[in-house]
Every structure is written in structure tokens, then in C-alpha cells.
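Here the structure comes first, spelled out in C-alpha cells, and everything after it is commentary.
The values are calculated or read from the model by the stated rules, or taken from the named source; none is laboratory data. None of these values were measured; they are calculated from a predicted model. Heads up, the Cβs are rebuilt from the backbone with ideal geometry, glycines too, and the neighbour counts pull from every protein chain shown. Ligands, DNA and RNA are stripped out before the accessible areas are found, and what is left, the full protein with its side chains, is counted by its heavy atoms. Shrake-Rupley method; radii C 1.70, N 1.55, O 1.52, S 1.80 Å.
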Number of protein chains: 2
Amino acid sequence: MNYKLTISYDGKSYDGWQKQGNTDRTIQGKLETLLSRLDGSEVKVQGAGRTDAGVHAKAQVCNAVLSSKWNEEELRDTINSYLPMDIAVTDVKEAPDRFHARLNAVGKTYKYRIFTGKVMNVFERNYVFNYGKKLSCDKMKTASSYLIGTHDFKAFCANKHMKKPTVRTIEDISFIQKEDEIEITYYGNGFLYNMVRIITGTLIEIGEGKKTPESIKDILESKERSNAGFTAPANGLILWSVDYE
Amino acid sequence: MNYKLTISYDGKSYDGWQKQGNTDRTIQGKLETLLSRLDGSEVKVQGAGRTDAGVHAKAQVCNAVLSSKWNEEELRDTINSYLPMDIAVTDVKEAPDRFHARLNAVGKTYKYRIFTGKVMNVFERNYVFNYGKKLSCDKMKTASSYLIGTHDFKAFCANKHMKKPTVRTIEDISFIQKEDEIEITYYGNGFLYNMVRIITGTLIEIGEGKKTPESIKDILESKERSNAGFTAPANGLILWSVDYE
């Protein structure tokens, strides 16, 4: 039976989603080890998106084929009883055999939070990038309008030797401005390695006046990573949700 | 010059407010070391309340006499630049010479959060007690009505050999019931060692039906710690604010 699992995690202590090296330090590795033990045979877990080291997820989605049939709630509670406190399965649903968490995903929402005030809320320190300077949200909005749509985002990809296509579609970028914080929401069909963090770093430089909103057009056209801004740190980023048809 | 400092901290990594043993593991110890270096002479920090190991504070208040005069914001930012990310001075105000953070406090608000659902929010795991069972908030409210007022709270004090008076006044206990959480707010003029956590543990046992709301009257009268409930864990408790006239 194929199961669709929704997972929430605090990425701080992990090397990201994808299994590699010490599997106990990746979310996929932890889930595969646990589910294989539970199932009595090797279980593969397919995640919708590969979050980087330190990036959080509110509702990552993955699927796994188990040899036995489970009650959905019982499977959720059993997995959670073995998971550490910083990872939780929030939902389990039986899925059609052909359901694949990554291939069937039609959209992903990421949120990035930037603290722009003087004294950071200590309780949110692991979930908000403490930039500590005022930014022009208006300039960031103008800049973002040049990013929305279908573009070659090679300049915003950390992988220099990326041979696969770097064209992606960003459906929407929206902003919530609070007194001491800017929250950016990205919605699109897929994102390149570090793409959301490099876009965010570039928008921050624009909000601070180091680059103009219009410079985005040249950066896109150049396809040159060095023309974009810095990579905003992982702790401010969260994979918010994954959409399916 | 006497300064009133408002401090926010995540208590997880600390042995509580009060200086003892390894001073680097207490909030008071950390502040005294830092302020003494800044001032060039030994500085004492008086806190309004001694939070236990692991207990958080949104707005603890303390005062410290410094030999030089500082601009309030500059002092706040300077202290914060030396503090770890889990402690922050949120406000600094010049205070009259006779101002004493503990002796002049007229009321303190504590909040305790209890998770009563199935799947805990991983991002709040350090700030909410994961009880994981449904509780009757109505019964807890009825029980709390017997605690409000001036009573001898000896049965709710962890220190068996407490020789000082154990009479305290709880002005108010209020409840916010969410779908999977109960948040209890305590307001009073002062609380004994572990008192809020023992009251909370007792209210939880009442909410679960292990004790009746009316048993509170007998527990108070007995003045016997063993008649009260368990000590709810530190991570759900936060010193919310301290009031002055």
C-alpha cells in the first residue's frame, strides 16, 4: 500500500531532507530507517522537495510503499512515537499506487522571514533571519515583479555545473510587512538548488538600496550567479506546503 | 545610575535565573559577568522573580546600578551585542536610586501552555508541555476558583523546609482553550518555589478526572505537598510580565 505522509520538521539539527552521509542527520534517512524497521523490509521514501541543511518544513509531503496495510491514524501515531521531538508526521493518507510525492506535485509554497528591527524575539531566533536593518518593502515588491513568471533562473542557482534545464515558473511572490519583520511567500512549480535563498538575499540587497529593483532584469539575463545577491541563511526559510491536483 | 532592564530569555539551556554554581549557566550570572566587565567594577543584578531551571521569560525585570551614565538604547544594544541569541534585553530605562526590581514589584503574570492534542507543533515543542490527552477545562476552571484569593499555599511549595511565610495572594487564574491546547494565566503578588508548576500539575490531574475540583480545598487545608499533584515540567512555563506601581 502506498501512503502519502505530511511531515513537519525543525531543520536546525539536520543536514537537510535528502539522504546522504550520516543518514541519521537527514529527514529522509531517519524516515527510511524507521519505516524499514516497522515494515520488515527496505522502504524508500520519496519527498516532494529537497530542503537544504537547516531549512524547516511545516508541511513537506512524501510517499512510501509499505507491505502491510495500516490504519492511517495508527500509522501516524506509531511513526511519531519513534521520531525525535523536532520531526512529526502531521497526516497520513492512503494513496493510489501511482502517486509520487515529487512527480505529482503541481506547486510548492515557501516562506522566508526577515527580522528588520533592533531586538529579536528570542523565541523565534531559529525561524527568522536576524538582519537587524530596515528594508524598503516597496523596492523589494517592485523587484519581485520581474521574477514572477517563467524565466531561466540560472543566475539564482547555487549549482554552477547544473546541466539540467534551469527554467522555472514562479507563480507569485507576496509580502507581509510587520513592524519589525518582512515575510516573503514564494509560490511556484519547482525551485533550483538554493534558489529561494539567493532570490531572498538579492531582494534584501535591493531593499537596503545596494542594488536597484530593475537590476533583476540584468541578473536574470546574465545567467551568472555572481551577479545575484548573497544566499540568505537557511534558518529563515520554511517549506510551507505542497499542492497536488 | 540605577537601570531597570526588561529581559526575555529561552530558559532551555539555563539552570534558571539565580546565580549559583556555574554562573555561565544562569541568567543572573551571565548578566552580572557582562555588566561588571562593561562597568569596570562589580555589578549586582536584582531580578524580580527567580525563574527555575528551564523556565522561560518574556519580560523578566531586573535592576543594576552602574557607575557611568548610559544612553538607554545604547546600553540595551551594547548588552545585546554580548549576549547569546537566547537572551535579549528588550528595554532599558533609567530608574530612581531606590528602585528595586523584586521589592517594588506589585504583581507578576505567568503563563503555562498545555498541549492536549495528538500531533504537537514541532516549532513550539520547547514552549508547550506535550501532555497529549484531552482535559476538561471546565473542571480546571472550577478548581482554580478555590485557589484565587489569599491562602497558605504550603501544599503547593516544593521546599519542604520552607520556614518563611507560605501565605500568598493569587489575584486571578484564567484559561484560554484552543482546539489542542489549554493556556493558563496566573496573576499574583508572588509565588513560592515551584508553586505555579505544582498548581498546574494539580489542575491537569483534575482536568483528567484523577482528582475532583473540590479536592483543592482539602489540599490547601492539609498544607501537605504530597496531597497536591505532580510538578508540571518547566518548558511550558513563562514569566510573562512584572507589574510596578
>> Condition first: crowded, with 17+ Cβ neighbours inside 10 Å and more than 21 Å from B:Trp70 (Cα to Cα). Now tell me which residues in the range B:9-31 satisfy that.
In response: B:Tyr9, B:Asp10, B:Gly11, B:Tyr14, B:Asp15, B:Gly16, B:Trp17, B:Lys19, B:Thr26, B:Ile27, B:Gly29
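Of A:Gly132, A:Gly149, which residue is assigned by TED's automatic domain parsing to the domain that holds A:Arg197, farther than 23 Å from A:Lys223 by Cβ and without any contact (Cβ under 8 Å) to a residue 40 or more places away in the chain? Spell out how you get there, then give the answer.
Working: A:Gly149 fails: farther than 23 Å from A:Lys223 by Cβ.
Testing whether each residue is assigned by TED's automatic domain parsing to the domain that holds A:Arg197, farther than 23 Å from A:Lys223 by Cβ and without any contact (Cβ under 8 Å) to a residue 40 or more places away in the chain leaves just A:Gly132.
Do you know which of the residues in the range B:176-208 that are within 17 Å of the chain's Cα centre (by Cα) and open to solvent by 30 Å² or more (accessible area, probe 1.4 Å) is farthest from B:Ala105 (Cα to Cα)? Before you say what the answer is, go through the steps one by one.
In the first step, residues of the range B:176-208 are kept if they are within 17 Å of the chain's Cα centre (by Cα); the result is B:183-201.
Cutting the leftovers down to open to solvent by 30 Å² or more (accessible area, probe 1.4 Å) gives us B:187, B:189, B:191, B:193, B:197.
Values: B:Tyr187: 12, B:Asn189: 8, B:Phe191: 12, B:Tyr193: 17, B:Arg197: 21 Å.
Only one residue fits best here, namely B:Arg197.
Just checking, how many residues over the range B:163-172 are part of a strand (DSSP E or B) and open to solvent by 100 Å² or more (accessible area, probe 1.4 Å)? Walk me through how you get there before you give the answer.
Pass one, the range B:163-172, residues part of a strand (DSSP E or B): B:167-172.
Remaining after also requiring open to solvent by 100 Å² or more (accessible area, probe 1.4 Å): B:171.
Count: 1.
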> Are any residues in the range B:173-224 under 23 Å from B:Asp52 (Cα atoms), of a type outside the set (A, V, I, L, M, F, W, C) and either modelled with pLDDT under 95 or part of a loop (DSSP other than H, G, I, E, B) (or both), and if so, which ones?
Replying inline: B:Asn189, B:Gly190, B:Tyr193, B:Asn194, B:Lys223, B:Glu224
> Which residues, counting only those in the range A:95-124, are open to solvent by 40 Å² or more (accessible area, probe 1.4 Å), within 18 Å of A:Lys178 (Cβ to Cβ) and part of a loop (DSSP other than H, G, I, E, B)?
Replying inline: A:Lys118, A:Asn121
>> I'd like to know if the range B:79-86 contains one or more residues that are open to solvent by 90 Å² or more (accessible area, probe 1.4 Å), more than 11 Å from chain A (Cβ to nearest Cβ) and not polar (S, T, N, Q).
In response: yes
> Any idea which of (1) more than 25 Å from A:Phe123 (Cβ to Cβ); (2) polar (S, T, N, Q); (3) at pLDDT 95 or above is the one A:Ser8 doesn't satisfy?
Replying inline: (1)
> So, in the range B:49-72, of the ones that are among the polar types (S, T, N, Q) and crowded, with 16+ Cβ neighbours inside 10 Å, which residue ends up nearest to the other protein chains (Cβ to nearest Cβ)?
Replying inline: B:Gln60
> Which of (1) within 14 Å of chain A (Cβ to nearest Cβ); (2) farther than 22 Å from B:Tyr187 by Cβ; (3) open to solvent by 40 Å² or more (accessible area, probe 1.4 Å) is the odd one out, the single condition B:Leu75 does not satisfy?
Replying inline: (3)
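Collect the residues in the range B:225-242 that are within 17 Å of the chain's Cα centre (by Cα) and either under 21 Å from B:Gly107 (Cβ atoms) or assigned to a helix (DSSP H, G or I) (or both), keeping them in residue-number order. First the steps, then the outcome.
At the first step, the residues of the range B:225-242 found to be within 17 Å of the chain's Cα centre (by Cα) are B:231-242.
Correct list: B:Ala234, B:Asn235, B:Gly236, B:Leu237, B:Ile238, B:Leu239, B:Trp240, B:Ser241, B:Val242.
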>> Regarding the range B:136-158, can at least one residue be identified that is within 14 Å of chain A (Cβ to nearest Cβ), in a loop (DSSP other than H, G, I, E, B) and surrounded by fewer than 16 Cβ atoms within 10 Å (Cβ to Cβ)?
In response: no
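Which of the residues that make up the range B:32-48 are open to solvent by less than 40 Å² (accessible area, probe 1.4 Å) and more than 18 Å from the chain's Cα centre (by Cα)?
Taking the range B:32-48 first, the residues open to solvent by less than 40 Å² (accessible area, probe 1.4 Å) are B:32, B:34-36, B:39, B:43, B:45, B:47-48.
If the condition is that a residue be open to solvent by less than 40 Å² (accessible area, probe 1.4 Å) and more than 18 Å from the chain's Cα centre (by Cα), then B:Glu32, B:Leu34, B:Leu35, B:Ser36, B:Asp39, B:Val43 are the ones that fit.
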